[in-house]
Amino acid sequence: LRKSSKAAAEERDLEDALNRLLIIFNYIDDKDVFQTFTSKLLAKRLIHGTSVSEDLEGMMIGKLKAACGYDYTAKLQRMFTDMEVSRELMDKFKSTLSSAQQKQLSVDFSVMVLATGSRP
């Protein structure tokens, strides 16, 4: 689900790819190894902003949750929650800063507040 320089596939094509991936996932014996790689790659996509669609990422996590249960996807879900909280905090900070000062900062920066327990 990473963005690429190629033309972005339509959402329907990506959903079909996720469904095919889930079929393959059902045949995997070591689902923990799959989870480890998935969590590492998801963390990179979320932090660097290279995910095609966070909705599709959430959809995949939902499908994995249906197949394996809540405990299997808890860390993945917490990564999403961390990113949402970080975005909200940055938006709040920027709005507070702009209301307190009439001029903008000369430095543009972004901060992410992430929990250590959910990151690989």
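The values are calculated or read from the model by the stated rules, or taken from the named source; none is laboratory data. Source: prediction; values computed, not measured. Because the Cβ atoms are built from the backbone with ideal geometry, glycine has one as well, and the counts that use them run over all protein chains shown. Protein only, heavy atoms only, side chains kept; ligands, DNA and RNA dropped before computing areas. Shrake-Rupley method; radii C 1.70, N 1.55, O 1.52, S 1.80 Å.
Output the residues belonging to the range 63-83 that are surrounded by fewer than 18 Cβ atoms within 10 Å (Cβ to Cβ), part of a helix (DSSP H, G or I) and of a type outside the set (A, V, I, L, M, F, W, C).
Within the range 63-83, the subset surrounded by fewer than 18 Cβ atoms within 10 Å (Cβ to Cβ) is 63, 65-72, 74, 77-78, 80-81.
Retained after the next criterion (residues that are part of a helix (DSSP H, G or I)): 63, 65-68, 70-72, 74, 77-78, 80-81.
Hits for the range 63-83 are 63, 65, 70, 71, 72, 77, 78, 81.
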Do we find a residue being of a type in the set (A, V, I, L, M, F, W, C), under 27 Å from residue 111 (Cβ atoms), in a helix (DSSP H, G or I) and open to solvent by less than 50 Å² (accessible area, probe 1.4 Å) anywhere in the range 23-44? yes
Test result for residue 49, out of contact with any Pro (no Cβ under 6 Å at 6 or more places or on another chain), on the phi > 0 side of the Ramachandran plot and surrounded by 10 or more Cβ atoms within 10 Å (Cβ to Cβ): yes
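For the range 40-75, what are the residues that are aliphatic (A, V, I, L, M) and out of contact with any Phe, Trp or Tyr (no Cβ under 8 Å at 6 or more places or on another chain)?
Within the range 40-75, 41, 42, 43, 47, 52, 56, 59, 60, 66, 74 qualify.
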Can you list residue pairs whose Cβ atoms sit under 8 Å apart, with the first residue in the range 11-28 being free of Cβ contacts under 8 Å to residues at least 24 places away in the same chain and over 14 Å from residue 56 (Cα atoms) and the second being open to solvent by 70 Å² or more (accessible area, probe 1.4 Å) and part of a loop (DSSP other than H, G, I, E, B)? Count only pairs 6 or more apart in sequence or on different chains. none
Condition first: small (Gly, Ala, Ser) and under 19 Å from residue 72 (Cα atoms). Now tell me which residues in the range 25-56 satisfy that. 39, 43
Residue check for residue 16: at pLDDT below 90, surrounded by 12 or more Cβ atoms within 10 Å (Cβ to Cβ) and closer than 22 Å to residue 116 by Cβ: no
